[in-house]
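Asker: Let me begin by handing over the structure; questions about it come next.
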Amino acid sequence: MTAHWGFHDLHSFKDYVTVVALCAPDQFPPINVGPDKKPFTLDSAFLALREGLALAVAEKGDRPVFRDCARLVEQAYEAYQSGNSEAGAIKIRQVRKLLGKVPTQ
């Protein structure tokens, strides 16, 4: 389903969230990602975050933690879009922390 983003389950999605935390807003590697093989950008990274959360729900069921993460992802995106990289990074780290509490493999 989402292997074109570099993850295929919740376990590998957690790693992807870490990559976004390290690279956002504008330090993404010069590679093409996604189903359309477009450049890895803030927009594509956040599209993948949304898809990854949908994958997490499909894998583990609808849990409040995933709704919290979805809210934080949107807040992070808005922060990055408005130029507040620090606030965006804090929100993404919160997502990673929350996802880390969901058992995988």
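Asker: Filtering segment 1-15 down to residues that are assigned to a helix (DSSP H, G or I) and surrounded by 19 or more Cβ atoms within 10 Å (Cβ to Cβ), which residue is modelled with the lowest pLDDT?
Answerer: Let us first name the residues in segment 1-15 that are assigned to a helix (DSSP H, G or I), namely 3-5, 10-15.
When the remaining residues are screened for being surrounded by 19 or more Cβ atoms within 10 Å (Cβ to Cβ), the result is 5, 10, 13.
Details: 5: 75, 10: 96, 13: 96.
Top of the filtered list is 5.
Asker: With respect to residue 63, determine if the residue is among the charged types (D, E, K, R) and within 14 Å of the chain's Cα centre (by Cα).
Answerer: Working: among the charged types (D, E, K, R): yes; within 14 Å of the chain's Cα centre (by Cα): no.
So residue 63 does not fit the description; no.
Asker: Suppose we filter segment 60-86 for residues that are part of a helix (DSSP H, G or I), surrounded by fewer than 15 Cβ atoms within 10 Å (Cβ to Cβ) and small (Gly, Ala, Ser); how many remain?
Answerer: 1
Asker: How many residues does segment 20-36 hold that are hydrophobic (A, V, I, L, M, F, W, C), crowded, with 17+ Cβ neighbours inside 10 Å and either closer than 14 Å to residue 95 by Cβ or touching a Gly at 6+ places or on another chain (Cβ under 9 Å) (or both)? Give the derivation first.
Answerer: In the first step, residues of segment 20-36 are kept if they are hydrophobic (A, V, I, L, M, F, W, C); the result is 20-24, 28, 31, 33.
In the following step, the residues that additionally are crowded, with 17+ Cβ neighbours inside 10 Å were identified as 20-21, 24, 28, 33.
With the extra rule that they be either closer than 14 Å to residue 95 by Cβ or touching a Gly at 6+ places or on another chain (Cβ under 9 Å) (or both), the set shrinks to 20-21, 24, 33.
The qualifying residues number 4.
Asker: If you go through segment 37-59 one residue at a time, do you hit one that is without any contact (Cβ under 8 Å) to a residue 40 or more places away in the chain, surrounded by 18 or more Cβ atoms within 10 Å (Cβ to Cβ), under 16 Å from the mean Cα position of the chain (by Cα) and in a loop (DSSP other than H, G, I, E, B)?
Answerer: For segment 37-59, residues without any contact (Cβ under 8 Å) to a residue 40 or more places away in the chain, surrounded by 18 or more Cβ atoms within 10 Å (Cβ to Cβ), under 16 Å from the mean Cα position of the chain (by Cα) and in a loop (DSSP other than H, G, I, E, B): present.
Asker: Determine whether segment 97-105 contains at least one residue that is within 20 Å of residue 10 (Cβ to Cβ) and of a type in the set (D, E, K, R). Walk me through how you get there before you give the answer.
Answerer: From segment 97-105, those within 20 Å of residue 10 (Cβ to Cβ) are 97-105; that's our starting set.
Next cut, of a type in the set (D, E, K, R) only: 97, 101.
Within segment 97-105 (the criterion being within 20 Å of residue 10 (Cβ to Cβ) and of a type in the set (D, E, K, R)), the answer is yes, since at least one residue qualifies.
Asker: Here is a further query. Would segment 23-35 turn up any residue that is in a helix (DSSP H, G or I) and more than 11 Å from the chain's Cα centre (by Cα)?
Answerer: Within segment 23-35, one or more residues are in a helix (DSSP H, G or I) and more than 11 Å from the chain's Cα centre (by Cα).
The values are calculated or read from the model by the stated rules, or taken from the named source; none is laboratory data. Note that the structure is a prediction, hence the values are computed from the model and not measured. Positions of Cβ are generated from backbone atoms using ideal geometry, with glycine treated the same way; all protein chains shown enter the neighbour counts.
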